[in-house]
Amino acid sequence: MQKIDTFVKALIKADTKRPAGRTKVMPTNNFVKLFKNWGANENLSLRRLRQKAVTLLALTAMCRPSDLAPRVGFMRDQIHFNDDGSMTVLFYGIKNDTDRHGFEVRIGRSECALTDPVLCLKDYIRHTNQNQTDSQKQPVFITLLPPFKALSAQSVGTILRQSIADAGLDESFTPRSFRPTGAKAAMVGGVEPHVARSLGR
């Protein structure tokens, strides 16, 4: 069945009349201003805390919506908070993981607590662990209401669109814009191009 599904997708792509346009890079300062205006994580609603965690992870790990909600699942035991304040995220079953060995991405802390992806994700997981029986075996990003199921890629895309709008950016930017935006931000921040390519899978 998997081979048939792959074959059908290949046929559809082969018949594409016009190639997909290049994804635009977003100004990251808009997101910095947005999250600074929101204030400390502990003062955010769960909806906003989740939105912030999804958005910062999409930027720093250069993710598509499907990377944060793959069919194989994105579980809490795939995230490790390191002693130096960084975190290591293991992505499985995403688009670029063709051999299914997974990709490990290390994300450092930000100097500003209001825009720190590590602190934000840690706070979100801590907050939502109250609703989990076995937290390490649960999805990273979950619905706001019981039974607290994993978010779909479509739901992650909706959250990222909301962040784009909240940041004052127009509709020419899409959830797929987070991937090239994160890559450019990494290189502007001094990351070597070959390292950025590796981080971006």
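The values are calculated or read from the model by the stated rules, or taken from the named source; none is laboratory data. Fair warning: this is a prediction, and the values are worked out from it, not measured in the lab. With ideal geometry, Cβ positions are generated from the backbone for all residues, glycine too; neighbour counts draw on all protein chains shown. Heavy atoms of the whole protein, side chains included, go into the accessibility calculation; ligands, DNA and RNA do not. Shrake-Rupley method; radii C 1.70, N 1.55, O 1.52, S 1.80 Å.
Values for this structure:
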item: Close pairs from region 139-168: first hydroxyl-bearing (Ser, Thr, Tyr), partner open to solvent by 50 Å² or more (accessible area, probe 1.4 Å) and not in a helix (DSSP H, G or I), Cβ under 7 Å, at least 6 apart; result: THR143/LYS149
item: Some residue of region 49-67 being modelled with pLDDT of 95 or more and among the β-branched types (Val, Ile, Thr); result: yes
item: In region 9-39, the residues that are open to solvent by less than 70 Å² (accessible area, probe 1.4 Å), of a type outside the set (S, T, N, Q) and either modelled with pLDDT under 50 or part of a loop (DSSP other than H, G, I, E, B) (or both); result: GLY21, VAL25, MET26, PRO27, GLY39
item: Selection from region 40-68 of residues that are open to solvent by 20 Å² or more (accessible area, probe 1.4 Å) and outside any helix (DSSP H, G or I); result: ALA40, LEU44, SER45, ARG64
item: Criterion violated by PHE148 - all others in (1) at pLDDT below 95; (2) open to solvent by 60 Å² or more (accessible area, probe 1.4 Å) satisfied; result: (2)
item: Criterion (part of a loop (DSSP other than H, G, I, E, B), open to solvent by 30 Å² or more (accessible area, probe 1.4 Å) and acidic (Asp, Glu)) met by exactly one of GLU104, GLU111; result: GLU111
